[in-house]
Amino acid sequence: MAAALASMPALGLGTWKAAPGEVGAAVRSALALGYRHIDCAAIYGNEAEIGAALQGALAETDLQRQLLWITSKLWNDCHAPEQVRPALERTLADLQLDHLDLYLIHWPVVHRQGVLMPAIAADQIPLERLPLATTWAALEELVDAGLVRQIGLANCSAAKLAALLPHCRHRPAVNQVERHPWLQQIALLAYCREQGIAVTAYSPLGSPSSGGPAPLFSDPVITAIAAAHGVSPAQVLLAWGITCGTGVIPKSVRTERQAANLQAALQLQLSPDEMERIAGLDRHHRFVDGSFWELPGGPYSRAALWDEPTTV
């Protein structure tokens with residue numbers, strides 16, 4: 001992991017799809033187990049409940065704020081410079097914090113303000129009209145103001161990073177992307193390492209965005225390695241991601257699964273042969289393919305989003 005991110009724990013608790021009424025308890029149990037990295041986003045709609053859980057843990061235990069790593073993300077309808085700080089301030093108010101450790105541009109996609117999920121092309125704004133560099137400059141002001149420690153992006157291709165870097169006063173600390181053995185993102189990972197940008201993997205268990213069981217849990221290579229170690233497929237997948245030098249942020253609201261995930265992060269060691277076998281699973285398969293941003297006559301396509309000629 002990049003030196004600038006040395007203090008970010010490799011294992012974090014993801015909160016995407018953690019339902020209201022359960023996410024607060026999930027955060028409390030994770031903190032009690034020893035988690036110190038919580039990954040949030042405004043669009044998840046649960047930051048207020050997370051904030052109450054964080055404050056409860058800080059007030060009722062000997063946990064100290066400086067030991068936590070809290071990430072959140074700027075949603076697509078707040079990319080205009082005058083909208084960035086108010087969006088962050090809403091997140092800080094919900095999380096009951098005076099600063100974030102990391103703030104990410106959630107997608108390289110822009111909506112009209114107030115449009116959370118666009119229904120028609122007119123709800124979208126092309127990047128040519130509101131470039132990432134313009135939004136990035138507003139995020140840099142948040143660092144200058146002491147409201148965030150680090151800034152970064154999510155779902156960002158190497159090509160978009162390369163176009164952004166010449167405009168940066170504060171370089172991106174993290175690129176958060178979908179990554180698991182079926183989508184290993186080797187070229188993107190190499191580029192980020194070359195540029196000193198840490199990579200955090202969302203959906204590290206290969207979980208479809210539509211929910212349901214993760215097909216990687218039944219992949220024969222993964223299940224064979226899990227059986228050899230006497231662990232679960234999920235533990236193998238997390239250990240693989242951490243061994244690759246990336247952060248991983250699985251979502252779990254069950255204490256026993258949180259504990260198993262933490263055990264994998266701290267204890268499970270995969271051999272070079274096992275890592276090589278998993279390397280052979282790459283099939284460039286995206287569970288979160290960005291097709292929901294493709295609207296008739298709109299400015300966004302999967303090919304342009306990922307800067308790839310085709311999307312498998």
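Brief remarks on what is shown
- Evaluated against (1) surrounded by 15 or more Cβ atoms within 10 Å (Cβ to Cβ); (2) more than 23 Å from Gly152 (Cα to Cα), Arg254 falls short on exactly one condition, (1).
- Qualifying residue in region 243-257 (condition: on the phi > 0 side of the Ramachandran plot, in a loop (DSSP other than H, G, I, E, B) and touching a Ser or Thr at 6+ places or on another chain (Cβ under 7 Å)): no
- Matching residues in region 271-312 - criterion: being charged (D, E, K, R) and part of a loop (DSSP other than H, G, I, E, B): Asp282, Arg283, Arg286, Asp289, Glu294, Asp307, Glu308
- Selected residue [under 24 Å from Ala154 (Cβ atoms) and modelled with pLDDT under 95] from Ala42, Ala18: Ala18
- Inclusion of Leu237 among residues that are in contact with a helix residue (DSSP H, G or I) (Cβ under 8 Å, 6 or more places away or on another chain), over 15 Å from Ala279 (Cα atoms), of a type in the set (A, V, I, L, M, F, W, C) and surrounded by 15 or more Cβ atoms within 10 Å (Cβ to Cβ) is not warranted.
- Residues that are among the small types (Gly, Ala, Ser), closer than 26 Å to Gly297 by Cα and either touching a His at 6+ places or on another chain (Cβ under 7 Å) or crowded, with 18+ Cβ neighbours inside 10 Å (or both), drawn from region 114-157: Ala133, Ala154, Ser157
- Tally of residues being within 22 Å of the chain's Cα centre (by Cα) and either closer than 15 Å to Leu237 by Cβ or in a loop (DSSP other than H, G, I, E, B) (or both) across region 261-270: 5
- For region 59-80, the set of residues classified as surrounded by 15 or more Cβ atoms within 10 Å (Cβ to Cβ), part of a helix (DSSP H, G or I) and touching a helix residue (DSSP H, G or I) at 6+ places or on another chain (Cβ under 7 Å) consists of Cys78 only.
So that you can scan it fast, the table gives a plain yes or no per residue for (1) surrounded by fewer than 18 Cβ atoms within 10 Å (Cβ to Cβ); (2) small (Gly, Ala, Ser); (3) at pLDDT 95 or above:
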residue	(1), (2), (3)
Leu183	no, no, yes
Leu189	no, no, yes
Gln195	yes, no, yes
Val199	no, no, yes
Tyr202	no, no, yes
Ser210	yes, yes, no
Pro213	yes, no, no
Pro220	yes, no, yes
Thr223	yes, no, yes
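- Neighbours by Cβ (under 7 Å, 6+ apart or cross-chain): first from region 286-312, modelled with pLDDT of 95 or more; second of a type in the set (Lys, Arg): Asp289/Arg302; Gly290/Arg302; Ser291/Arg302; Glu294/Arg302; Asp307/Lys160
- Applying the set (1) in contact with a helix residue (DSSP H, G or I) (Cβ under 6 Å, 6 or more places away or on another chain); (2) part of a loop (DSSP other than H, G, I, E, B); (3) of a type outside the set (D, E, K, R) to Leu116 leaves exactly one unmet item: (1).
- Among the residues of region 37-58, the ones that are in a loop (DSSP other than H, G, I, E, B), in contact with a helix residue (DSSP H, G or I) (Cβ under 6 Å, 6 or more places away or on another chain) and within 17 Å of Tyr202 (Cα to Cα) come to 1 in all.
- Lys17 passes every criterion in (1) among the basic types (Lys, Arg); (2) without any contact (Cβ under 8 Å) to a residue 60 or more places away in the chain; (3) in a loop (DSSP other than H, G, I, E, B) apart from (2).
Yes or no, residue by residue, for (1) among the acidic types (Asp, Glu); (2) over 16 Å from Ala42 (Cβ atoms); (3) free of Cβ contacts under 8 Å to residues at least 40 places away in the same chain:
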| site | (1), (2), (3) |
| --- | --- |
| Leu100 | no, no, no |
| Leu104 | no, no, no |
| Val110 | no, no, yes |
| Gln113 | no, no, yes |
| Ala121 | no, yes, no |
| Ile125 | no, yes, no |
| Arg129 | no, yes, yes |
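- Any hit, region 298-309, residues being loosely packed, with under 15 Cβ neighbours inside 10 Å and of a type in the set (D, E, K, R): yes
The values are calculated or read from the model by the stated rules, or taken from the named source; none is laboratory data. As the structure is a computational prediction, the values presented were derived from the model and not from experiment. Positions of Cβ are backbone-derived with ideal geometry, glycine not excepted, and every protein chain shown enters the neighbour counts.
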